[in-house]
Amino acid sequence: MTDSAAEVEEAFQPFEYVHGDYASGILLLCDHASNAVPREYGDLGVPPEQFQRHIGYDIGARAVTLELARRLGAPACLTTYSRLLIDPNRGDDDPTLIMRLSDGAVVPGNAKVGRSERANRIERFHKPYHDLIDRTLDAMMADGPPPVVASIHSFTPVWRGVPRPWHATVLWDCDPRAVRPMLDGLRAQEGLIVGDNEPYDGALKNDTMYRHAMRRGIAHVLLELRQDLIADAAGSTEWAGRLEPILRDIAQRPECRRIEKYKSRSDT
């Protein structure tokens, strides 16, 4: 049976929200929490095993985010759809917003996406998630000092045959307030190899952190955790435990709880 677009839209909620205490001083985000696709889009013409890869979602990131929200008592905003449908960590005008080819995998369901369908996916999936973040930040800032925004991602242990040595990395643009204590806190933990803007650069115009933190002048940090370390419950719990005290410390730092604007490297 084929549902009407209205019925599908009503059934598929494009975000997951975890209620938390605004006084925690932290807002958790997970841009690539799910590999699900709304029923009307089928499988986008992509074999099921491809959705289990990093091209479908950030493996382990949702579990870490939810465990951190529980430990910290913090609110969290997460997506509920695959990045193959539309990537919430890209700006509306980014050419990689809807991928036709992702890490060698062809996405037939995206091959003929034109202006109208692009606008439709933005309106139904991309925009509601970002609106949720805006509403949550507005509410937290009305209730007290600006929170620290922490975004949880994951990366593949091997890329094009080359092993990635880092256990965790921090991506950032120009605001060092939450970044430096996060790097210091991770590097103080024995045995960890910690990357600074590895394996990607954190300056990406109109991505989630630019849109909600850089533009507002809110302290923020984007964490990339290696997928094989958080792929199961034991790993995600362990890494939430590693991150919890560092985030608590960051949220208590006065310099991280005020508005301070920096010029993005992506604006130059």
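A short reminder: the numbers here are calculations on the coordinates, not readings from a lab. Just so it is clear, the model here is predicted, and its values are computed rather than measured. Backbone-built Cβ (ideal geometry, glycine too); neighbour counts: all protein chains shown.
Tabulated values for the structure
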{"read-out": "Candidate set from the stretch 125-154 (those that are loosely packed, with under 14 Cβ neighbours inside 10 Å and of a type outside the set (D, E)); member that is nearest to S24 (Cα to Cα)", "value": "G144"}
{"read-out": "Residue list for the stretch 107-124, filter: surrounded by 14 or more Cβ atoms within 10 Å (Cβ to Cβ) and in contact (Cβ under 8 Å) with a residue 24 or more places away in the chain", "value": "V107, G109, N110, R121, I122, R124"}
{"read-out": "Test result for E224, in contact with a Phe, Trp or Tyr (Cβ under 6 Å, 6 or more places away or on another chain) and either surrounded by fewer than 18 Cβ atoms within 10 Å (Cβ to Cβ) or not aliphatic (A, V, I, L, M) (or both)", "value": "yes"}
{"read-out": "Tally of residues being in contact (Cβ under 8 Å) with a residue 60 or more places away in the chain, in a helix (DSSP H, G or I) and loosely packed, with under 12 Cβ neighbours inside 10 Å across the stretch 246-267", "value": "1"}
{"read-out": "Restricting the stretch 184-240 to residues that are assigned to a loop (DSSP other than H, G, I, E, B) and hydrophobic (A, V, I, L, M, F, W, C), the residue that is farthest from H32 (Cα to Cα)", "value": "A188"}
{"read-out": "Hits in the stretch 199-212 (condition: crowded, with 17+ Cβ neighbours inside 10 Å and of a type in the set (D, E))", "value": "D207"}
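Yes/no matrix, rows are residues, columns are (1) crowded, with 20+ Cβ neighbours inside 10 Å; (2) assigned to a helix (DSSP H, G or I); (3) under 17 Å from the mean Cα position of the chain (by Cα):
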residue	(1), (2), (3)
Y17	no, no, yes
A36	no, no, yes
G45	no, no, no
D58	yes, no, yes
L66	yes, yes, yes
A69	yes, yes, yes
